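Worksheet: the structure to be examined is printed underneath.
None of the figures in this text is laboratory data; all of them are computed from the coordinates on show. Remember, predicted model here, so these are calculated numbers, not experimental data. Cβ coordinates were reconstructed from backbone atoms using ideal geometry, including for glycine residues, and neighbour counts include every protein chain displayed.
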């Protein structure tokens with residue numbers, strides 16, 4: 001294996017790592033996949049519900065490998081510099097001051113789950129999402145800072161929704177929509193809202209009369 005040393009943007013690594021899985025049976029998702037591509041590399045993480053992909057300028061020889069999420073957490077704890085070194089020297093892997101072993105597993109191909117953005121797909125068709133997943137993208141946006149501090153969710157119906165960050169073209173996310181959500185139609189929902197509104201108005205009237 002060829003030795004190398006590159007500097008990764010710490011904010012991007014933090015943001016991508018948010019999507020790492022904590023599920024023990026899916027150990028190969030418990031980290032960030034580093035996927036070399038010439039003069040650049042993709043950093044990818046997913047738990048099957050969320051996915052984060054970033055492109056960084058880094059020449060990394062060899063095939064893709066997975067940095068364990070716990071090693072990332074240790075390396076970035078208290079780390080203040082804008083960049084963090086990723087290196088392999090004499091067969092030893094290191095992120096910042098943290099030694100690690102890449103996860104021995106096959107990371108899935110992230111480009112196979114991309115939504116159809118050609119205009120022929122479901123772009124713009126609304127869907128429902130788990131609020132905890134949406135909150136994780138907000139946290140990722142805060143890590144990126146600047147104009148990117150608020151994520152933008154682009155609905156794609158039953159397909160994963162694209163999550164973008166203002167002013168950034170080097171990172172994006174995907175969020176899977178919820179399945180089995182409340183199927184009540186508009187008239188049923190209107191009945192629910194109107195009924196609650198009437199009850200609130202009646203309660204206010206009773207209090208005013210007392």
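Tabulated data for the structure shown
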quantity	calculated
Residue 170/residue 197 FRET efficiency (R0 35 Å; Cβ-Cβ; nearest 0.05)	0.15
Protection proxy ranking of 94-102, 118-126, 82-90 - average other beta-carbon atoms within 10 Å, highest first	94-102, 82-90, 118-126
Contact order normalised by residue count of the chain, Cα under 8 Å, 6+ apart, percent	19
At R0 = 30 Å, FRET efficiency that the Cβ-Cβ distance of residue 134 and residue 205 yields, to 0.05	0.20
Separation of the residue 101 and residue 7 label points, Cα + 7 Å toward Cβ, nm	3.1
Cα-only Debye scattering, region 62-210: base-10 log of I(q)/I(0) at q = 0.16 Å⁻¹	-1.09
Alpha-carbon centroids, region 118-197 and region 13-41: separation in whole Å	22
Cα shape, region 143-210, gyration tensor, a/c 1.5 rule	oblate
Helix-only mean residue ellipticity at 222 nm for the chain, each DSSP H run of n ≥ 4 adding -39500 (n - 2.57), per residue, nearest 500	-8000 deg cm²/dmol
Peptide ranges 103-116, 149-162 listed from the most packed, as the mean C-beta count within 10 angstrom indicates	149-162, 103-116
Spin-label model distance (nm) - residue 149 vs residue 183, 7 Å beyond Cα toward Cβ	4.3
Alpha-carbon radius of gyration plus Dmax, which is the widest Cα pair, for region 4-113 in Å	12.8, 37
Between 0 and 90°, nearest 10: helix 186-209 axis offset from the chain longest Cα axis	60
Sorted by Cβ density within 10 Å, fewest first, the residues 52, 1, 143	1, 143, 52
